[in-house]
Amino acid sequence: MDRQEAIDFLLDHYDNPRNQGELDQADVSLTGGNPGCADIITVQAHFDHDGKIDAVRWHGEGCTISRAAASYVTEMVEGMTPDEVEAMTFEDLIDQLGRELVMTRPTCATLALGTLKRGVHEYHMHKRAQEDL
Ligand code: FES
């Protein structure tokens with residue numbers, strides 16, 4: 001992806017955000033923010049009976065990069081298991097968003113993924129603890 005393609009890709013997600021909104025029923029619902037700015041983004045997810053994400057939403061306030069990344073991340077994680085979400089890396093995400101564009105703002109680019117990963121980790125731990133009872 002060259003620089004212009006990366007800009008177009010980010011602006012498309014910013015202008016036409018995927019999965020923006022709120023879930024009525026969520027297994028994961030967590031709000032994250034960045035130190036140094038007042039932006040916050042809430043990410044929600046619901047898992048089906050096979051343990052895969054069958055619905056995911058995000059909402060909140062953020063800069064262009066954080067909003068575009070939230071849209072992209074929620075599109076990426078549909079159908080994933082908790083293990084697969086936890087295995088996603090910030091470095092891979094930055095590459096997929098266009099490293100040249102977002103590397104100066106890594107905390108913006110990774111806000112939604114970091115929030116989702118924390119929420120999924122908590123959900124996963126809670127579920128394992130229930131299964132051990
Ligand atoms: Fe706040 Fe980017 S400046 S999330």
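The values are calculated or read from the model by the stated rules, or taken from the named source; none is laboratory data. All values reported here derive from a predicted model rather than from experimental measurement. Positions of Cβ are backbone-derived with ideal geometry, glycine not excepted, and every protein chain shown enters the neighbour counts.
Details
- Meets criteria (among the hydrophobic types (A, V, I, L, M, F, W, C), surrounded by fewer than 19 Cβ atoms within 10 Å (Cβ to Cβ) and in a helix (DSSP H, G or I)) for residue 129: yes
- So residue 68, is it part of a helix (DSSP H, G or I) and modelled with pLDDT of 95 or more: yes
- Cβ separations smaller than 9 Å between residues 6+ apart or across chains give the following pairs from region 28-46 residues that are at positive phi to residues that are within 13 Å of the ligand (Cβ to nearest atom): 36/107.
- Selection over region 89-126 of residues that are more than 14 Å from the ligand (Cβ to nearest atom), buried (at least 18 other Cβ atoms within 10 Å of the Cβ) and not in a helix (DSSP H, G or I) gives a count of 1.
- Within region 13-60, being surrounded by 19 or more Cβ atoms within 10 Å (Cβ to Cβ), within 14 Å of the ligand (Cβ to nearest atom) and among the hydrophobic types (A, V, I, L, M, F, W, C) holds for 41, 43, 58.
- Top-ranked residue in region 110-131 [being in contact (Cβ under 8 Å) with a residue 12 or more places away in the chain and of a type in the set (A, V, I, L, M, F, W, C); ranked as farthest from residue 96 (Cα to Cα)]: 120
- Region 61-88, residues that are touching a Cys at 6+ places or on another chain (Cβ under 6 Å) and surrounded by 23 or more Cβ atoms within 10 Å (Cβ to Cβ): 65, 66
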